[in-house]
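The values are calculated or read from the model by the stated rules, or taken from the named source; none is laboratory data. Since the model is a prediction, treat every value here as computed from it, not as a measurement. Cβ atoms come from the backbone with ideal geometry, glycine included; neighbour counts cover every protein chain shown. These accessible areas exclude ligands, DNA and RNA; they are computed on the full protein's heavy atoms, side chains included. Shrake-Rupley method; radii C 1.70, N 1.55, O 1.52, S 1.80 Å.
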Amino acid sequence: MDKIYQEIMEDELNRAYTERGVPPLFKAPKEATMAIIGQAPGRKAEETQLFWNDPSGDRLREWMGLTREQFYESNKIAQLPMDFYYLGKAKTGDVPPRKEFAPKWHPRIIDELPNLKTILLIGNYSQKHYLKKTRQRNLTETVRHYEDYLPEFFPLVHPSPLNQRWLKINPWFEEEVIPVLRKLVQEEILEIDN
C-alpha cells in the first residue's frame, strides 16, 4: 500500500497537490471488511485529513450506528473516495471527481483488501462507476433496489443536509434500508452476531 500511495503522489495528475504538500486522502487497512466510496474529500476533510468530517459524516455515522471513535479508529473500514483530493467548488457543491481517477487507482487498492465483503456506494458518482448498466433508472430506484446489489455493493443516497427533502419524500429509506445497513455494520465491523 505504501508503494501505491507513493505512486498516487507522483502521478502527473496529482503533481499540483503533492507540490503544495496535500496528501491523497484515503484509508485502506488490510483488515477492512467494508469500504465506503463517496464523491471526493471536501475542503474541511482536506484541511483536517479526516474523511466525512462534517454534517454529512455525522449523518452517515448515525445511519451506520457507529460512534465517531468507532468510525475513525476501526481498521475494518476502508475509505476510498472517487477522487482522493479536494478539487474545489463548482456552481452547485464541489467539483465532481476526475473521471480517470477511480478506474486507475481503485482496482489496485481493492486488490490489497482480502477481507473486503461490502462496498457502500454513496451517491451517483460511485454508483455509476461500480454498478454501470445494472443501475436502475435513477438514484432513488437504485437505492430502493439495494438488495439486488448485496452482498458486494450497498447503494445509498448521499447523507448531505442538502438531501433533507429527498429523505422527507422517501421515508422508506430510513424505515427499511437503514436497519439493514446497521445490521451489516454490526456483523462486519463490530462483529456482533444478530
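Normalising by the residue count of the chain, find the relative contact order in percent from Cα pairs under 8 Å and 6+ residues apart.
Value for the chain: 26 percent.
Filter Lys104/Lys128; Lys30/Lys183; Lys76/Lys99; Lys91/Lys132; Lys30/Lys133 down to the pairs with a C-alpha to C-alpha distance above 24 Å, please.
Lys76/Lys99; Lys91/Lys132; Lys30/Lys133
Gaussian network model of the chain, Cα springs within a sub-10 Å range: biggest mean-square fluctuation belongs to which of Thr92, Thr142, Thr18?
Thr92
Restrict the search to the range 5-86; then list the trypsin sites (Lys or Arg not before Pro) that DSSP places in a loop and that have at most 15 other Cβ atoms within 10 Å of their Cβ.
Passing sites in the range 5-86 are Arg20, Lys30.
How large is the Rg to Rh ratio of the range 83-192 when both quantities use alpha carbon positions and Rh follows Kirkwood?
When Rh is taken as the Kirkwood radius, the ratio is 0.97.
Please give the FRET efficiency for Lys132 paired with Ile169, using the beta carbon to beta carbon distance and R0 = 25 Å, rounded to the nearest 0.05.
0.40
Nearest 20 debye, what's the magnitude of the dipole of the range 74-135 about its Cα centre given +1 on Lys and Arg Cβ and -1 on Asp and Glu Cβ?
Using Cβ point charges on Lys, Arg, Asp and Glu, the range 74-135 gives about 300 debye.
Calculate one ³J(HN,Hα) per residue across the range 27-36 by plugging θ = phi - 60° into the Karplus curve 6.51 cos²θ - 1.76 cosθ + 1.60, and present them in order as whole Hz with x for glycine and proline.
9, 9, x, 4, 7, 4, 10, 9, 10, 10
Can you sort Phe153, Phe173 by 1.4 Å-probe accessible area, starting with the largest?
Greatest to least solvent exposure: Phe153, Phe173.
For the chain, with only Lys/Arg (+1) and Asp/Glu (-1) charged at the beta-carbon, what is the dipole magnitude about the Cα centre, in debye rounded to 20?
800 debye
Tell me the mean residue ellipticity at 222 nm calculated for the chain from its helices only (DSSP H runs of n ≥ 4, each -39500 (n - 2.57), averaged over every residue, nearest 500).
-10500 deg cm²/dmol
Write down the Kirkwood hydrodynamic radius of the chain, to one decimal in angstroms, obtained as one divided by the mean of 1/r over all alpha carbon pairs.
One decimal place: 17.1 Å for the Kirkwood radius.
What does the net charge come to around Pro179 if you take all other residues with beta carbon closer than 14 Å to its beta carbon, with K and R at +1 and D and E at -1?
-4
Give me the percent relative contact order of the range 1-115, please, defined on Cα pairs under 8 angstrom at least 6 residues apart.
36 percent
Using a Gaussian network model on the chain with a 10 Å cutoff between Cα atoms, which of Met34, Met64, Met82 fluctuates the most?
With Cα springs under 10 Å in the chain, the top fluctuation among Met34, Met64, Met82 is at Met64.
Placing +1 on the Cβ of each Lys and Arg and -1 on the Cβ of each Asp and Glu in the chain, which of Ile192, Thr134, Leu181 has its Cα farthest towards the positive end of the resulting dipole?
Positive-end residue among those listed: Thr134.
How much of the DSSP bridge set in the chain is antiparallel, in percent, rounded to the nearest 5?
Just about 15 percent of them are antiparallel.
I'd like the FRET efficiency for Asp58 and Asp94, computed as 1/(1 + (r/R0)^6) with the beta carbon distance as r and R0 of 22 Å, rounded to 0.05.
That gives a FRET efficiency of 0.80.
What is the local net charge at Thr18, summed over the other residues whose Cβ is closer than 13 Å to its Cβ (Lys, Arg +1; Asp, Glu -1)?
-3
May I ask you to derive the FRET efficiency for Glu69 and Lys3 from their Cβ-Cβ distance with R0 = 41 Å, giving the value to the nearest 0.05?
0.85
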